[in-house]
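A.B. asks: Following this message is one structure expressed as structure tokens.
The values are calculated or read from the model by the stated rules, or taken from the named source; none is laboratory data. A quick note: this is a predicted structure, and the numbers were derived from the prediction, not measured. Note that each Cβ is placed from the backbone with ideal geometry, even for glycine, and that neighbours are counted across all protein chains shown.
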Amino acid sequence: MLLQLYIIKSEKRPMEFRLEHTPKPFAIKIKHADRLFLAGSCFTEQIGSKLAAHKFRIIENPNGILFNPVSISTSLISYIERKQYIREDLFFQNEHWGSWDHHTRFSALTAEECLQKINAFTSEAHSFLQETDWLLLTLGSAFVYELPSKKIVANCHKVPTDKFTKRLLSTEEVVTTLDTLIYRLKQFNPKIKIIFTISPVRHLRDGFVENSRSKATLINAVHHMVDKFDNLFYFPAYELVIDDLRDYRFYAEDMVHPNYAATNYVWEKFTEACVEEDSRQLMKELYTLQAAYLHKPFQPSSTAHQKFLQSNLQKATAILAAYPYIDLKKEILYFES
């Protein structure tokens, strides 16, 4: 009798092997006319590359990849103040000059070259942040590395770890850091809207338990801020990978970074929840246009290819006429050729 009931129940409802999470749509959504500023962990750059490919106006990580909330906050305040770094702000190690506030990609053989790169990006970030509509902040870890001076570094630059003190920020420290940052941002750019995400990249070098504590600290602090301020939002990138996909097959070979499939899944959920419908439709048109731009013809001089170029030139010019803030210069130049 019990077996019969189980068979009947199974026929009515197919077995589910995972629970899909659909993020709640934002009350205010991103559109192509907006300017987007992205800062934070390497997951930021994965989302940033997709936004750029769909012709959103973005700037990402002017200090390079940053993981902890203190360094992210320090970088953004430096843009607000348009800080100009000087030689005394740098250090010399392993035959390179570098900055404790920046990623190693800013390091150089001379202090002058290092400062030139840093200050050029800071000036660009200052101007863009002043006009930014959306700031997307991805926090990666609540662990920080401190110099003997108590300065928290953004990157260790392959300096031996015994030169630093490693510790886990408390939730109160993260809240205070973010509170100060948001106050400064609102003063600098009153229209700015902020999206927080927690990176799904697993910092397992810290340890399994320690990684969980770190992520929990960030999640608690971020939700405190979202509940406190208007125009602050939370997008659950971390939960989508950890709780929705929840499988090692969605990680790269290092079992730490989400793979291509996982990133695309988060991207799809992001656009559904955070991007307005008109822009999502435009994204489809731009995707088709990009595919045409990247197409490599076998016979470039053929009549068929010339018609192909002309057809896509008409599409590109029509899009540009409707959306003049979208940069299609290189595509139009190619189709005109």
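A.B. asks: Would you confirm, using the coordinates I've provided, whether residue 52 is in contact with a strand residue (DSSP E or B) (Cβ under 7 Å, 6 or more places away or on another chain), surrounded by fewer than 23 Cβ atoms within 10 Å (Cβ to Cβ) and assigned to a helix (DSSP H, G or I)? Can you show your working first?
C.D. replies: On the way: in contact with a strand residue (DSSP E or B) (Cβ under 7 Å, 6 or more places away or on another chain): yes; surrounded by fewer than 23 Cβ atoms within 10 Å (Cβ to Cβ): yes; assigned to a helix (DSSP H, G or I): yes.
Answer is yes for this residue.
A.B. asks: Continuing with this model, one more query. If a residue must be outside any helix (DSSP H, G or I) and either surrounded by fewer than 21 Cβ atoms within 10 Å (Cβ to Cβ) or of a type in the set (Gly, Ala, Ser) (or both), how many such residues does the range 244-276 contain?
C.D. replies: The qualifying residues number 11.
A.B. asks: Identify, please: which residue in the range 153-162 is crowded, with 17+ Cβ neighbours inside 10 Å and under 15 Å from residue 63 (Cα atoms) and is, among those, farthest from the chain's Cα centre (by Cα)?
C.D. replies: Filtering the range 153-162 for residues that are crowded, with 17+ Cβ neighbours inside 10 Å and under 15 Å from residue 63 (Cα atoms), the one farthest from the chain's Cα centre (by Cα) comes out as 157.
A.B. asks: Further question on the same structure: Please pick out the residue among 132, 122, 138 that is under 18 Å from residue 180 (Cα atoms), at pLDDT 95 or above, crowded, with 20+ Cβ neighbours inside 10 Å and in the same structural domain as residue 39 (by TED's automatic domain parsing).
C.D. replies: Only one candidate qualifies: 138.
A.B. asks: Quick one: residue 82 ticks every box in (1) out of contact with any His (no Cβ under 9 Å at 6 or more places or on another chain); (2) assigned to a loop (DSSP other than H, G, I, E, B); (3) of a type in the set (D, E, K, R) bar one, so which box is it?
C.D. replies: (1)
A.B. asks: Now a separate question. Inspect the range 219-239 for any residue being more than 24 Å from residue 176 (Cα to Cα) and without any contact (Cβ under 8 Å) to a residue 60 or more places away in the chain and give the result as yes or no.
C.D. replies: Looking through the range 219-239, none of the residues is more than 24 Å from residue 176 (Cα to Cα) and without any contact (Cβ under 8 Å) to a residue 60 or more places away in the chain.
A.B. asks: So, one more: Of all residues in the range 301-328, which are closer than 13 Å to residue 286 by Cα, charged (D, E, K, R) and part of a helix (DSSP H, G or I)?
C.D. replies: Selection gives 315 alone.
A.B. asks: Is it the case, given these coordinates, that residue 241 is part of a helix (DSSP H, G or I) and surrounded by 21 or more Cβ atoms within 10 Å (Cβ to Cβ)?
C.D. replies: yes
A.B. asks: Among all residue pairs at least 6 apart or on different chains, which show Cβ distances below 6 Å where the first residue, located in the range 264-287, is touching a residue at least 24 places away in the same chain (Cβ under 8 Å) and the second is β-branched (Val, Ile, Thr) and not in a helix (DSSP H, G or I)?
C.D. replies: Pairs that qualify, where the first residue is touching a residue at least 24 places away in the same chain (Cβ under 8 Å) and the partner is β-branched (Val, Ile, Thr) and not in a helix (DSSP H, G or I), are 274/30; 275/30.
A.B. asks: Can you name the number of the only condition in (1) on the phi < 0 side of the Ramachandran plot; (2) assigned to a loop (DSSP other than H, G, I, E, B) that residue 126 fails?
C.D. replies: Only one criterion is unmet by residue 126, namely (2).
A.B. asks: Shifting gears a bit: For the condition in the same structural domain as residue 39 (by TED's automatic domain parsing) and surrounded by 16 or more Cβ atoms within 10 Å (Cβ to Cβ), what is the one hit in 150, 193?
C.D. replies: 193
A.B. asks: Going by the conditions given, is residue 44 outside any strand (DSSP E or B) and either at pLDDT 95 or above or basic (Lys, Arg) (or both)?
C.D. replies: Considered against the rule, which asks whether it is outside any strand (DSSP E or B) and either at pLDDT 95 or above or basic (Lys, Arg) (or both), residue 44 comes out as no.
A.B. asks: So, one more: Can you report the number of residues in the range 87-119 which are under 21 Å from the mean Cα position of the chain (by Cα) and part of a helix (DSSP H, G or I)?
C.D. replies: So the count comes out to 4.
A.B. asks: Please pick out the residue among 263, 317 that is polar (S, T, N, Q), modelled with pLDDT of 90 or more and within 21 Å of residue 23 (Cβ to Cβ).
C.D. replies: Numbers: 317 fails: within 21 Å of residue 23 (Cβ to Cβ).
Every option except 263 fails the conditions.
A.B. asks: Quick one: which residue in 37, 67 is assigned to a loop (DSSP other than H, G, I, E, B), modelled with pLDDT of 95 or more and within 25 Å of residue 262 (Cβ to Cβ)?
C.D. replies: Only one candidate qualifies: 67.
A.B. asks: Return the residue satisfying two criteria in turn: it lies in the range 163-185 and is more than 17 Å from residue 222 (Cβ to Cβ) and charged (D, E, K, R), and of such residues it is surrounded by the most Cβ atoms within 10 Å (Cβ to Cβ).
C.D. replies: The qualifying residue surrounded by the most Cβ atoms within 10 Å (Cβ to Cβ) is 184.
A.B. asks: Could you tell me whether the range 220-228 includes any residue that is more than 17 Å from the chain's Cα centre (by Cα) and of a type in the set (S, T, N, Q)?
C.D. replies: Checked against the condition, which is being more than 17 Å from the chain's Cα centre (by Cα) and of a type in the set (S, T, N, Q), the range 220-228 yields at least one hit.
A.B. asks: Contact list please: Cβ distance under 6 Å, first residue in the range 121-137 and among the acidic types (Asp, Glu), second residue buried (at least 17 other Cβ atoms within 10 Å of the Cβ), pairs at least six apart or on different chains.
C.D. replies: Going by the 6 Å Cβ cut-off, the qualifying pairs are 131/35; 133/34; 133/35.
A.B. asks: If you go through the range 164-214, how many residues are part of a helix (DSSP H, G or I), at pLDDT 95 or above, more than 19 Å from residue 137 (Cβ to Cβ) and hydrophobic (A, V, I, L, M, F, W, C)?
C.D. replies: Qualifying residue count, the range 164-214: 1.
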